[in-house]
Each structure stands twice: as C-alpha cells, then as structure tokens.
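Quick notes on the structure that follows.
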Amino acid sequence: MTSRYYEIKHAVLYSHDFSGNRFETPSICVKIDDEGLAQQLSQEGWNIRLSKYSTDEEPVYYLPVSISFKNRNYIPEIYYLGQYTKGTLNEDTLYILDDLDIIDADLTINKRIYVDKNTGEERIKAYLSSAIFTIEEKNNYSQRYNDYEPGAIDG
C-alpha cells in the first residue's frame with residue numbers, strides 16, 4: 001500500500017460522527033474485518049485501533065478517518081445515493097448522514113504522513129478523500145417528491 005490513496009469498496013462503518021459533535025471534527029471509523037490486514041496496515045503506520053467495547057468474541061479492528069474541509073487542496077467529494085434521491089454533501093450539509101441509515105459505503109482515503117511528537121516516529125493520519133454513501137429510504141415520500149420544485153405545488 002505504497003499509494004497515497006487507499007480505496008475501500010463496501011466499507012463497514014464501525015461508528016460515525018458526521019456532525020462533529022462528539023469528536024469536534026467530522027469522522028468515521030471503518031471496520032477492518034481481516035486481522036492480518038489490520039496488522040499489516042498498523043505496521044505500515046496507519047492508526048489501526050482495537051475496540052474496547054466489542055461484545056463479539058472476535059476483536060474489532062477499525063481505522064479512524066477524519067473528514068476535513070479546512071485545506072482547500074484536500075476537500076473531500078461526498079455523495080449520497082438513495083432509491084429515489086441523490087446529491088452531494090459539503091461541510092454545511094454533511095451532518096444529515098448522522099440521522100440516515102447507511103447501507104453501503106465506497107470510500108477513498110487519503111493518507112497524510114506526520115511525525116508523532118511523543119515518539120518521533122512517522123505515522124499516517126487517514127482523511128476522507130471521496131465517498132459514496134448509499135442510504136436506505138424508509139418511506140415513499142422521497143419518490144413522490146423527487147421531482148418537486150419549490151413554489152410548484154399542485155392545488
């Protein structure tokens with residue numbers, strides 16, 4: 001994984017905070033199912049963590065991924081896709097994903113190398129570069145009003 005980007009198809013989100021309320025900045029945690037892959041990524045410098053709260057018998061490895069809009073050279077491209085709706089999300093609208101059921105996620109993660117101030121070691125911080133989140137829509141209003149234009153209400 002010498003590339004600057006790491007692509008994960010059908011990613012499983014272990015947790016998420018798109019609004020940034022819990023961790024000050026928006027973030028997601030991507031579950032790593034393969035222990036060997038988790039160890040390999042950790043040896044390469046990725047910040048792989050082991051969940052302390054897992055109720056499963058097997059440990060849950062995950063990769064924390066930050067979502068930052070501060071550096072204009074690295075603004076992530078984020079899309080959502082439903083059965084009847086689709087769109088793009090930005091810093092002001094990303095929070096809506098916190099209240100939706102995400103049923104699939106395709107992610108591209110940008111690795112940024114930094115030097116750990118405590119150990120002096122090079123580490124990798126993961127940032128979201130692009131994502132497509134497939135959401136589950138629970139009612140048919142999305143279909144009914146998919147083509148709705150404000151001000152064009154039928155009487």
Checklist entry - How big is the stretch 5-144 in terms of Cα radius of gyration and Dmax, in angstroms? => result 16.0, 57
Item to check | Total lysine pairs under 21 Å (Cα atoms) in the stretch 5-144, excluding pairs fewer than 8 apart on one chain | outcome: 13
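All of the numbers you see were taken from the coordinates with simple rules; none came from a lab. For clarity, every value in this text was computed on a predicted model and none was experimentally measured.
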